[in-house]
Every structure is written in C-alpha cells, then in structure tokens.
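Since every read-out is calculated from the coordinates, none of them should be taken as a lab result. Nothing here was measured: the structure is a model prediction, and the numbers come from that model. Cβ atoms come from the backbone with ideal geometry, glycine included; neighbour counts cover every protein chain shown.
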Amino acid sequence: MGPIGLIDGRIVADLSEKLVEMEDRGYQFGDGVYEVTPVFNGRCFGLQRHMERLFRSLREMRITVGYSAEDLYGYHERLIQESGIVDAGIYLQITRGFAPRNHNFPDNAAPRLTMTVRPIPPSLLQYIETGAEAIVVPDLRWLRCDIKSLNLLGNVFAKEQAKEAGVFEAIQVRDGAVTEGSSTNFFAVKDGVLRTHPLSNLILQGVTRTIVVDELAPKLGLKVVEEPFGVDFATNADEAFVTGSLCNVTPITGLDGRPVGDGRIGPVTRQLVEAFTALVGQACPKG
Ligand code: PDD
C-alpha cells in the first residue's frame, strides 16, 4: 500500500483529503512540534526516545495534549500495520490547534495531531554506502533549535541551497561555529576523535546523535569531544559524517567542493556505519 495518515486517532487513507481548519496555528504561525521516527523491517527504531523528545518539545512550547506516550506508540503501530510499509518514516505533528488568528496563545484551542507514514526515499539511504557531499551555509534559524518546532524556514532555505549546489546536505555555521546540518547533526573526526557541537539551544538533540555519542562510540572505544569548532576544523578533518533518522550515519566525503580527508569514507565513519546498521538489525530483526 502507499502512504496513509492519521488525524486525531482516525486513519486517513487519502492524504489529499482536506481535514485541517484554515485557522490552524500550525498553518498561520508554525505553532506546533513534530517528530520523524524511522521504521525498519516493520518496527519503529528509537520510538521511546522520539516520544520523550516530543513531550519535551511540547512542554517547552506550553502545549498540553490529552495523549499519553502509549497512545502515540499505538498510533505508530496502527500506521505500520494498516499501510503495510516495512521501511518507512513516520511523521507526527501536533499543532496548538485552531483559533481566530492572534499571536497570543488561545485559551481553548484543542491541539491537533496528524501523522503520515511513507517509504524512506532510497536516494537518502544510498549515500550511507557512497558518502555524500555537503556545503557550508550561514545558520539563519531562531535561538530555540533544541525544540523540534514546525518553524523550519532556516532549515528549508539551507536544504534548498544544498539542492541548488547539487549536494546532499547544508552544514550550518553560527558565529563561526559549525552547529548542525539542515536536518542532521554533524560530526568531524580528527586523529580518531569525534567532535560535534555541544547540546544547547543552538542544535537539536538528535536521537541518532545520542545513540552515536552515548552507545556506539563508547562501545568502539572512540572518544567524543562535544565542543564548538569552526569551518576550518571541519574542512581539515580526516573524516566527517552526519546523523539523522532518515539517513542513519551518512559519511560526508566532500565539503564546499573540497574533499574531506582523502575524499573517501574513512575507517572511523565506516565503523560507526556498521555498528549502527548492526544495532538497527538487533532492534528490528528481519522476518
Ligand atoms: N530531522 N538536526 C535537525 C535540525 C533535524 O531536523 C534533525 C532531524 C536532526 C537529527 O535528529 P534525529 O537523529 O533525531 O532524526 C538534527 C528530521 C529527520 C526531519 O526534519 O525530517
């Protein structure tokens, strides 16, 4: 079957069906939050972490919902079962609801939950094997990038610049420091040590990033330094990679038209790609 959706608990077979009010605050203000959870072999990967981050985003946005994490787990399951899609991305968004347009939070709006499930585009996953190129762009985003909010214009502009440059990802830089990709976290590898921007309001705490930093790197005996670094450090790194739910660990072999290291996937990145694939295989076994 093709992509399907869910709105406030009800399955929607036709994604072009018109179901959202004109004055939904998601439309008018980008006033809401979202998550993207990958599905491998028919099982969600990292769903608990994604739902924990969702509830954190909701708290930070002061949006109160009637759903529990268990309700949301159930909706993910239903979408997988009813769509029959086994390798997928499940998108979930919650807006503050609809109310006459006014910047202030409305008193009585009911948050609106919508979800979709669709196959992961194979074009995204191919780069895990081949490596991908990226460009460096200014980070135009607001100062609460730790909230996974629907306000993504900075990210959209960055990703579009990457497309126009014919590359996979745009790596953003704020005040001289490399923050993260437009929809990924960024890592540079120098002398066997992983470096990535520290957790702060300037980046999203990626679920894939957390798995690399807290689980895979210690297991592989790799040191991780979470400190800001500049573009020069990134372009002179031995290796680089990005992490994200729809691209796992993807090697970055070129930055701004110059090779990273020798321009091939390096040994540390390769180890992490393999360890991540193995972890997914354990969590979501085939059959
Ligand atoms: N993006 N940084 C940003 C700005 C992101 O948008 C994402 C995810 C990540 C990686 O987070 P995670 O490992 O939890 O997927 C980092 C999703 C996939 C998206 O917007 O489509």
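Backbone phi angles across the range 77-84, fed through the Karplus curve with coefficients 6.51, -1.76 and 1.60 (θ = phi - 60°), yield HN-Hα couplings of 4, 4, 5, 5, 5, 6, 8, x Hz in residue order; Gly and Pro are listed as x. Between the amide H of residue 139 and those of 173, 174, distances stay under 5 Å, these residues lying 5 or more places away or on another chain, with hydrogens modeled in the peptide plane.
Relative to the compact globular guide of 2.2 N^0.38 Å, what is the alpha carbon radius of gyration of the chain, as a ratio? For the chain, the normalised Cα radius of gyration comes out at 1.01.
Rounded to the nearest 10 degrees, the angle from helix 47-61 to the longest Cα principal axis of the chain is 70 degrees.
When the chain is treated as a GNM with alpha-carbon contacts under 10 Å, the residue of 185, 201, 102 showing the greatest mean-square fluctuation is 102. Of the three principal axes defined by the Cα atoms of the range 4-120, the extents in descending order read 44, 30, 21 Å.
Under 16 Å of direct C-alpha separation, and excluding same-chain neighbours fewer than eight residues apart, residue 223 reaches these aspartates and glutamates: 191, 214, 215, 238, 239. Per residue, the convex hull around the alpha carbon atoms of the range 216-287 comes to 114 Å³. The spacing between the range 203-262 and the range 151-186, judged by their C-alpha centroids, is 14 Å. The phi torsions of the range 29-38, fed into the Karplus equation with coefficients 6.51, -1.76 and 1.60 and a -60° offset, translate into couplings of 10, x, 8, x, 10, 8, 9, 10, 10, x Hz, rounded to whole numbers, with Gly and Pro shown as x. Extension gain, residue 227 to residue 71, is 52.4 nm, computed as 0.36 nm per intervening residue step minus the present C-alpha separation. Its relative contact order, with pairs defined as Cα atoms under 8 Å and 6+ residues apart, puts the chain at 19 percent. Annotation for the range 84-119: trypsin sites (Lys or Arg not before Pro) lying in DSSP loop with at most 16 further Cβ atoms inside 10 Å of their Cβ are 101. Would you list, by chain and number, the aspartates and glutamates whose Cα falls below 14 Å from the Cα of residue 286, excluding same-chain residues fewer than 8 positions away? Straight-line reach from residue 286, under 14 Å: 87. The residues neighbouring residue 145, those whose beta-carbon lies less than 10 Å from its own, together hold a net charge of +1 under the Lys/Arg +1, Asp/Glu -1 convention. Once the gyration tensor of the Cα atoms in the range 163-275 is diagonalised, the equivalent ellipsoid follows with semi-axes of 18, 16, 14 Å, ordered largest first. Per residue, the convex hull spanned by the Cα atoms of the range 48-112 measures out at 107 cubic angstrom. Relative to the longest principal axis of the Cα atoms of the chain, the long axis of helix 267-283 makes an angle of roughly 30 degrees.
Looking at the square roots a ≥ b ≥ c of the eigenvalues of the Cα gyration tensor of the range 115-201, which shape do they give, rounded for a/c under 1.5, prolate if a/b is larger than b/c, or oblate? Rounded.
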